[in-house]
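One structure is given here, and the rest of the page talks about it.
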Amino acid sequence: MSESSGKTIRGRFITLEGGEGAGKSTQIGRLADWLAARGIPAETTREPGGAPGAEAIRTLIVNGSIDRWDAMAEALLMTAARRMHVEQRIRPALEAGRWIVCDRFSDSTMAYQGYAHGLGRQPVEQLQQIAIAGMKPDLTLILDMPVEAGLARASARGSQAPGSGEDRFERMGLDFHRRLREGFLDIARHEPERCVVIDATADIETVATAIRDAVATRLGLERS
Ligand code: TMP
């Protein structure tokens, strides 16, 4: 951590969350460009992944049959991947004063495994406590949209890149994805000071503007 006029400064940690097809990847690129134009060269990364071991775990989880892993096994694997990502990449960057913008983090384990897959809030919280000392982002942007529209977008994306696989969660059925959406909204209700829900049904530019406004307001940056 760096010191300036007696105050400890560290990098900021922003996460984007949401269901399938919410447009996170596009928006992360936009946000990183906007931050760079303000003299903040943020690093972008993703979960599960972002570090070599974590990317290897990703391959195990996002491909294959739906019942390959149960809710607890998924939560353990996601959290193991996160442990390495935090230790090797996120914490060193923040301690060096760099900003990180991450595509998904522990709110995804809470929403997917805790709410949608039925594990419950407490086991997910306990795992995050054990693995990463309950580390939380400074700001979490939850991209929200109706389940059917998100899944349609995600499957159109899949058909543009046939064979890319990575669709194990997309295949989990409408009820799973409805619980998932409600889970993310409930997380935002639990932690309104950290989370901002963004309407992701609007066009790319409108969503990008809403994200910039939230970042500027919550993290005290100039808007223009
Ligand atoms: P992505 O498609 O957004 O890259 O994420 C990969 C999949 O992994 C996505 O379907 C959500 C799922 N996931 C979980 O179920 N739990 C988690 O903790 C994370 C990070 C992702």
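The values are calculated or read from the model by the stated rules, or taken from the named source; none is laboratory data. Keep in mind it's a predicted model, so treat the numbers as computed, not measured. Neighbour counts are summed over all protein chains in view; Cβ atoms, including those assigned to glycine, are modelled from backbone coordinates with ideal geometry.
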Some residue of segment 186-199 being within 14 Å of the ligand (Cβ to nearest atom), outside any helix (DSSP H, G or I) and exposed (fewer than 15 other Cβ atoms within 10 Å of the Cβ): no
Test for SER106: is it under 15 Å from THR79 (Cα atoms) and not hydrophobic (A, V, I, L, M, F, W, C): yes
Count of segment 1-22 residues which are aliphatic (A, V, I, L, M) and either buried (at least 21 other Cβ atoms within 10 Å of the Cβ) or at pLDDT 95 or above (or both): 3
Failed item, numbered, when ARG212 is tested on (1) basic (Lys, Arg); (2) part of a loop (DSSP other than H, G, I, E, B); (3) at pLDDT 95 or above: (2)
Residues of segment 50-66 classified as within 11 Å of ARG83 (Cβ to Cβ) and either of a type in the set (Phe, Trp, Tyr) or in a helix (DSSP H, G or I) (or both), total: 3
Condition met for SER25 (surrounded by fewer than 19 Cβ atoms within 10 Å (Cβ to Cβ) and near the ligand (Cβ under 10 Å from one of its atoms)): yes
Qualifying residue in segment 38-48 (condition: of a type in the set (D, E, K, R), near the ligand (Cβ under 10 Å from one of its atoms) and without any contact (Cβ under 8 Å) to a residue 60 or more places away in the chain): yes
